[in-house]
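*Asks:* Starting off with a structure, shown below.
The values are calculated or read from the model by the stated rules, or taken from the named source; none is laboratory data. Fair warning: this is a prediction, and the values are worked out from it, not measured in the lab. Here the Cβ positions follow ideal geometry from the backbone for every residue, glycine too, while neighbour counts run over all protein chains shown.
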Amino acid sequence: MLSKKMETAINHQINLEIQSALQYLQMAAYFSAANLNGFAHWMRVQYQEELVHANKLFDYVIHRNGVVTLEAVAAPPKTWKSTLAACQAGYQAEVNNTKQINALMDQAIKENDHATRVILEWFIEEQVEEENSALNLIEQVKLADNAPGAVLLLDRELGGRQPEPAKE
Ligand code: MG
């Protein structure tokens, strides 16, 4: 059984994952409008991953006989001033998310809640990948340096991104 405090904290994390999903979906719309369909696809894959995260925590709360309570989700920004700025916002969201996951882990350790620690280990590993892929994207956008040919080439490459296979 989850403690009330842990249940509340995980519920809040479900909300953050959904919020993060929405920001990526809005980014997909932003890039589609700019005819950068590869970037849009990349953001759409990210959106789906965030939903997987939200669902994973949703299922976990239920499996522990907890109660899921969804909160209102704030609207994401509608636009970004450049491709680079959008990618940096995505990275920043990942860094914030990592902080939240770490705080959840601190709580689980404090409570000796071993089951929650195990599921959070999955998320901690996942955040290493999320931060890394968001940072790689920023570096590649910087390398393209607004040269249309380089941006189009990168766009084509991003369009080929496959969703991550589900990790155990
Ligand atoms: Mg996430």
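*Asks:* For region 21-68, what are the residues that are of a type in the set (D, E, K, R) and at positive phi?
*Replies:* Correct list: empty.
*Asks:* Scan (1) within 11 Å of the ligand (Cβ to nearest atom); (2) touching a residue at least 40 places away in the same chain (Cβ under 8 Å); (3) more than 25 Å from ASN146 (Cα to Cα) for the single condition GLY66 breaks and write down its number.
*Replies:* (1)
*Asks:* I'm trying to understand the selection: among the residues of region 109-120, which are free of Cβ contacts under 8 Å to residues at least 12 places away in the same chain and either within 16 Å of the ligand (Cβ to nearest atom) or touching a helix residue (DSSP H, G or I) at 6+ places or on another chain (Cβ under 7 Å) (or both)? Break it down stepwise before answering.
*Replies:* Going through region 109-120, the residues free of Cβ contacts under 8 Å to residues at least 12 places away in the same chain turn out to be 109-110, 112, 114, 118.
If the condition is that a residue be free of Cβ contacts under 8 Å to residues at least 12 places away in the same chain and either within 16 Å of the ligand (Cβ to nearest atom) or touching a helix residue (DSSP H, G or I) at 6+ places or on another chain (Cβ under 7 Å) (or both), then ILE109 is the only one that fits.
*Asks:* Further question: Of the conditions (1) without any contact (Cβ under 8 Å) to a residue 24 or more places away in the chain; (2) closer than 18 Å to LYS5 by Cα, GLN92 clears all except one; give me its number.
*Replies:* (2)
*Asks:* So, in region 78-103, of the ones that are among the hydrophobic types (A, V, I, L, M, F, W, C) and under 20 Å from ALA144 (Cβ atoms), which residue ends up surrounded by the fewest Cβ atoms within 10 Å (Cβ to Cβ)?
*Replies:* First pass over region 78-103, keeping only residues among the hydrophobic types (A, V, I, L, M, F, W, C): 80, 84-87, 89, 93, 95, 101, 103.
Applying the additional criterion that residues be under 20 Å from ALA144 (Cβ atoms) yields 80, 84-87, 89.
Numbers: TRP80: 17, LEU84: 16, ALA85: 13, ALA86: 25, CYS87: 25, ALA89: 17.
Ranking the qualifying residues of region 78-103, first place goes to ALA85.
*Asks:* Look through GLU164, GLU121, GLU111 and report the one residue that is modelled with pLDDT under 95 and of a type in the set (Asp, Glu).
*Replies:* On inspection, the qualifying residue turns out to be GLU164.
*Asks:* Same structure again: Among the residues of region 15-27, is there at least one that is more than 11 Å from the ligand (Cβ to nearest atom), modelled with pLDDT of 95 or more and among the β-branched types (Val, Ile, Thr)?
*Replies:* no
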